[in-house]
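**Q** My questions will all concern the structure given below.
A short reminder: the numbers here are calculations on the coordinates, not readings from a lab. Keep in mind that what you see is a predicted model, and the values were worked out from it rather than measured. Here the Cβ positions follow ideal geometry from the backbone for every residue, glycine too, while neighbour counts run over all protein chains shown.
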Ligand SMILES: [Zn+2]
């Protein structure tokens, strides 16, 4: 049997692995490459295999860097089922059409530019909203922990990865010529003890292991320290009753975590219950609804908090979910006492840009940065202390205070990853470190060799290994 690393090899996006046995050929994940021109080129390139020959896909989770090329695979001729958890199916129904919409808008912009400069032919979007919706029909929902057999000789089980709602670790048993080998794909592994999601499932056995390494080189700040920072920042802005708190947040995962943490701080009396919270992102609202629908998958602390909030006619925070553009625009006139959570998480697109436009010039408002801000994004310029930023073609002065809240990460840090690896009773015969920047993945493979004495390596992109 052969395993090929088509993506997320010495980088963090484009997660995709091809598995070939004497009888079968399938993928684990089919993610989009993200970040700049090179990523765009790789997304458009013809794949190194015939999509029509792929029998099925096993999908770890809904994040676009794991799922975002599924509609493209389907447009290139893949007709088989995509097996993933029920919650992931629900999230994909929101996220894939959204990704397609962004692709359509980008192609439109590119074509306007080409028209203007009379350079080049028209480009088509990577895939359209209609194609993304068509692809959703290939989803086959699977329950956590239930064993399925997509083809004779291929068995698998999805286990909770504690990363985002529905995220799974994949256990896969492949039988070829009478011999069975067990492969484990970690997918993205969550940090133990985080709000909303459960802790990652401990896996005890594997012949071949693929482990992610996004934060294989660092430690996160503790949740307690993170809460202290939040309490300080919120009380600073809202106690004076003069300003607002603007929170750029990813719609999937981060928004729900922040809502949990705010509710918990109110229950413990650390912040005022009088704060008006607004979630101003239709996608975040949909994802919050999906999280509530699948509340049996959330951790016991989250369920206890929800029970407290709904007791005696409602103890919880006042949360308003704004839908229409008009409702969103009305938030611009709020001068004080509002905490507005909006997307995108890195401030580059979406409604958050309007809230920043109105609040950045005001010294009495604050901006809470709660997630990773990539180089070149507006969020990164704020973190780096820019005195003015460009928004909608205007220079906007930055007088609001910018607080960076560390420690709310959906990925395990180095200690979290090592803790998960310690769950294996015996060393896998081979361990491949994936889903990390080049230096991080290599460094984490070194660490696994030194600390655990396992055979570990960081595969290069497009390399294959024969597993015997
Ligand atoms: Zn992920």
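**Q** Let me make sure I get this right: for the range 278-343, a, b and c are the square roots of the gyration tensor eigenvalues over alpha carbons, sorted descending. Under 1.5 in a/c it's rounded, otherwise prolate if a/b > b/c, else oblate. Which is it?
**A** Verdict is oblate for the range 278-343.
**Q** Output the direction-averaged projected area (hull surface divided by four) of the convex hull of the alpha-carbon atoms of the range 375-417, in nm².
**A** 4.3 nm²
**Q** Further, regarding this structure: In whole angstrom, how far apart do the alpha carbon centroids of the range 4-74 and the range 248-326 sit?
**A** Spelled out, the Cα-based centre of one part sits 34 Å from the other.
**Q** Determine the calculated [θ] at 222 nm for the chain from helices alone, applying -39500 (n - 2.57) to every DSSP H run no shorter than 4 residues and normalising by the residue count; nearest 500 deg cm²/dmol.
**A** After summing the helix terms and dividing by the residues of the chain, the value is -9500 deg cm²/dmol.
**Q** Report the antiparallel proportion of the DSSP beta bridges in the range 1-130 as a percent, rounded to a multiple of 5.
**A** For the range 1-130, the DSSP antiparallel bridge percentage is about 70.
**Q** So between residue 49 and residue 117, what do we pick up on full extension, going 0.36 nm a residue minus the alpha carbon distance?
**A** Contour length minus Cα-Cα distance gives 20.9 nm.
**Q** How large is the convex hull of the Cα atoms of the range 135-260 per residue, expressed in Å³ as a whole number?
**A** Dividing the Cα hull volume of the range 135-260 by its residue count gives 152 Å³.
**Q** Tell me, what is the percent relative contact order of the range 231-306, built from C-alpha pairs under 8 Å that lie six or more residues apart?
**A** 33 percent
**Q** In percent, how large is the relative contact order of the chain, given Cα pairs closer than 8 Å and 6 or more residues apart?
**A** Result for the chain is 19 percent.
**Q** Ok, one more. Using 7 Å Cα-to-Cβ label points, what is the residue 446/residue 391 separation (nm, one decimal)?
**A** 4.3 nm
**Q** Any idea what angle helix 86-117 forms with the longest principal axis of the chain, computed on alpha-carbon atoms, 0 to 90 degrees, nearest 10?
**A** 80 degrees
**Q** Sticking with this structure for a sec: Looking only at the range 161-285, where both bridge partners belong to it, what percent of the DSSP beta bridges are antiparallel (to the nearest 5)?
**A** 70 percent
**Q** Now for a different question. What three numbers, in Å, describe the spread of the alpha carbons of the range 375-463 along their principal axes, ordered from the longest?
**A** Projected onto the principal axes, the Cα atoms of the range 375-463 cover 58, 29, 18 Å.
**Q** If you take every DSSP beta bridge whose two residues both sit in the chain, what share of them, in percent to the nearest 5, is antiparallel?
**A** Close to 45 percent.
**Q** When N counts the residues of the range 255-413, how does its alpha-carbon radius of gyration compare numerically with 2.2 N^0.38 Å, as a ratio?
**A** For the range 255-413, the normalised Cα radius of gyration is 1.08.
**Q** Moving on. Helix 438-447 against the longest principal axis of the chain: what's the angle in degrees, Cα atoms only, rounded to the nearest 10?
**A** On a 0 to 90 degree scale, this one is about 70.
**Q** Taking a quarter of the surface of the Cα convex hull of the chain, what do you get in nm²?
**A** Result: a mean projected hull area of 22.8 nm².
**Q** In nm, what is the difference between 0.36 nm times the number of residues separating residue 176 and residue 306 and their Cα-Cα distance?
**A** 42.0 nm
**Q** Which three extents, in whole angstrom, do the alpha-carbon atoms of the range 1-134 cover along their principal axes, largest first?
**A** 52, 29, 27
**Q** Angle, helix 300-310 long axis vs. longest principal axis of the chain, Cα atoms, 0 to 90°, nearest 10?
**A** With rounding to tens, the tilt is 30 degrees.
**Q** Could you check the spin-label model distance between residue 224 and residue 465? Points 7 Å from the Cα along Cα→Cβ, value in nm.
**A** 3.9 nm
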